[in-house]
Amino acid sequence: MKKLVFLLAAAVLVISSLTGCAAPKVYKLGTASFTEVSSRAATAEVAGRVQFTTIYTTVLLDKDNKIVWVSIDSAQNNGTFDTLGAIVKAEAAPTKKEKGDAYNMKAASAIGKEWYEQIAALEEYFVGKTVAEILAMPLTDEAPDDLKTSVTIGITGYQEAVKKAADNAVEVKGLKSVGSASVTTVSGRTATAEVAGRVQTNVMFTGVAFDKDGKVLALSIDTAQNSGTFDTVGAIVKAEVSATKVEKGDAYNMKAASAIGKEWYEQMAALEEFFIGKTVADIMAMPLTDEAPDDLKTSVTIGITDYQAAVEKAFEAKVEIK
């Protein structure tokens with residue numbers, strides 16, 4: 001009998017040990033952006049331009065707050081106008097990663113590497129480090145001293161985006177893969193005597209965690225909406241970076257005009273919650289009326305097609321986490 005009891009106890013210990021080993025890892029997922037602006041007035045020789053570069057990143061942190069995986073990309077978009085304040089061109093461009101070799105940095109690079117190659121090296125370097133270690137990297141002219149043969153681009157904007165993403169990180173269990181992507185729209189308005197001309201960019205970016213069945217476990221969606229204005233002679237009136245829609249919170253000021261009395265961040269939180277537990281196919285098949293979801297009439301009235309597309313792109317770009 002004693003032998004039987006001993007064997008049973010040993011079996012329980014083994015099963016308990018195996019169960020413990022099989023317990024899903026717990027990660028933290030965060031997404032954020034950092035935007036920079038540049039502008040120039042129109043002249044007879046050169047079109048005026050307002051350009052916004054939105055760096056967005058998604059990070060996956062372990063229990064020690066070290067980076068397990070990170071994705072960094074840059075949505076650089078602009079609009080141009082002439083000396084009469086008329087729009088010349090205003091259309092969205094692919095991100096720097098999406099452009100690949102077409103970004104055309106290699107020829108001018110001192111190390112002969114394209115932007116996507118340099119950012120891949122930087123991402124790899126960040127893995128295994130804490131944000132504090134990343135921010136403490138020695139730099140010369142914003143380029144990292146530790147990566148002279150693989151990264152010569154300035155990285156301070158990428159460091160800042162990673163820090164913000166880590167600050168936003170939330171716990172997620174059962175994660176199998178993770179992806180990050182964006183969808184951008186650009187609009188332009190010609191200047192008149194009554195209204196300033198405008199170039200506006202909307203970068204809708206997301207980071208998404210998926211389970212083994214491709215269902216959404218956690219996600220974050222935000223929009224970096226920025227604009228620059230100019231007058232009827234092509235001179236810049238204003239070109240500044242704004243907080244994202246989530247960061248603006250109540251200051252985005254949608255509630256007063258909303259048929260359901262909800263701010264943008266409240267509607268987005270409801271949409272994110274609705275997406276959780278669904279596959280991308282489920283999300284893309286949502287019934288819509290005027291781009292707004294029929295299933296969420298009391299909580300979401302904004303158009304969601306670009307947010308759906310961003311989540312779909314994140315799924316297509318997902319990386320398995322082992």
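Read-outs throughout are calculated quantities, based only on the coordinates presented, and are distinct from any laboratory measurement. All of these numbers come straight from a predicted model, not from anything done at the bench. Virtual Cβ from ideal backbone geometry, glycine too; neighbours counted across all protein chains shown.
I need the calculated FRET efficiency for the pair Ala110 and Glu45, taking r as the beta carbon distance and R₀ as 30 Å, to the nearest 0.05.
The calculated FRET efficiency here is 0.50.
Using Cα centres only, tell me the gap between region 267-314 and region 45-122 in whole Å.
27 Å
Report the local net charge at Ala251: Lys and Arg +1, Asp and Glu -1, summed over other residues whose C-beta lies under 14 Å from its C-beta.
Within the 14 Å Cβ shell, the charges total -1.
Identify which of the listed values of mean projected area of the Cα convex hull in nm² was calculated from the structure shown: (1) 22.7; (2) 14.4; (3) 18.3.
Identified label for the calculated read-out: (1).
Find, among the GluC sites (Glu not before Pro) in region 153-237, those assigned to loop by DSSP (not H, G, I, E, B) with at most 10 other beta-carbon atoms within 10 angstrom.
Within region 153-237, the qualifying GluC sites (Glu not before Pro) (loop, at most 10 other Cβ atoms within 10 Å) are Glu194.
Can you run the Rg to Rh ratio on region 154-261? Use alpha carbon positions and the Kirkwood inverse-distance Rh.
The Rg/Rh ratio comes out at 1.08.
As an exercise, identify the GluC sites (Glu not before Pro) in region 281-322 lying in DSSP coil whose Cβ has no more than 13 other Cβ atoms within 10 Å.
Glu291
Around Gly228, what is the net charge, scoring Lys/Arg as +1 and Asp/Glu as -1 over all other residues with Cβ under 10 Å from its Cβ?
+2
Let me know the charge dipole size of the chain about its Cα centre in debye, to the nearest 20, where only the beta-carbon of Lys, Arg (+1) and Asp, Glu (-1) is charged.
980 debye
Going by amide H atoms built from the backbone, whose H comes under 5 Å of the H on Ser109, apart from near neighbours?
Here the answer is none, since no amide H 5 or more places off falls under 5 Å of that of Ser109.
In whole Hz and in residue order, list the ³J(HN,Hα) couplings for region 185-195 that follow from phi through the Karplus curve 6.51 cos²θ - 1.76 cosθ + 1.60, θ = phi - 60°; x for Gly and Pro.
So the J values, rounded to whole Hz, are 10, 10, 10, x, 9, 6, 6, 10, 5, 8, 10.
Please sort 273-281, 100-108 by packing, taking for each peptide the average over its residues of neighbouring beta carbons within 10 angstrom, highest first.
Per-residue Cβ counts within 10 Å, averaged per peptide and sorted highest first, yield 273-281, 100-108.
Would you calculate, for the chain, the mean residue ellipticity at 222 nm contributed by helices, counting each DSSP H stretch of 4 or more residues as -39,500 (n - 2.57) and dividing by all residues, to the nearest 500?
Helices in the chain give a 222 nm mean residue ellipticity of -8000 deg cm²/dmol.
Test of understanding: what is the full-extension gain from Lys66 to Ala23, defined as 0.36 nm times their sequence separation minus their Cα-Cα distance?
Fully extending the segment from Lys66 to Ala23 adds 13.5 nm.
Normalised by the residues of the chain, what does the relative contact order come to in percent, with Cα pairs under 8 Å and at least six apart?
Relative contact order here is 18 percent.
Output ³J(HN,Hα) for region 67-83: one whole-Hz value per residue in order, computed from phi by the Karplus curve 6.51 cos²θ - 1.76 cosθ + 1.60 with θ = phi - 60°, and x for Gly and Pro.
Per-residue couplings from phi come out as 6, 8, 7, 8, 10, 10, 9, 9, 9, 9, 9, 8, x, 10, 8, 9, 6 Hz.
Taking neighbour Cβ counts within 10 Å as the exposure measure, how do Thr185, Thr43 sort from fewest upward?
The fewest-first ordering by Cβ neighbours comes to Thr43, Thr185.
Remind me, relative contact order of region 55-193 in percent, using alpha carbon pairs under 8 angstrom and six or more residues apart?
That works out to 31 percent.
What net charge do the residues around Lys97 carry, taking every other residue with its C-beta under 15 Å from that of Lys97, with Lys and Arg at +1 and Asp and Glu at -1?
So the surrounding residues net to -2.
Going toward the positive end of the dipole of the chain, with +1 on Lys and Arg Cβ and -1 on Asp and Glu Cβ, which of Met286, Leu175, Thr54 do you reach last?
Leu175
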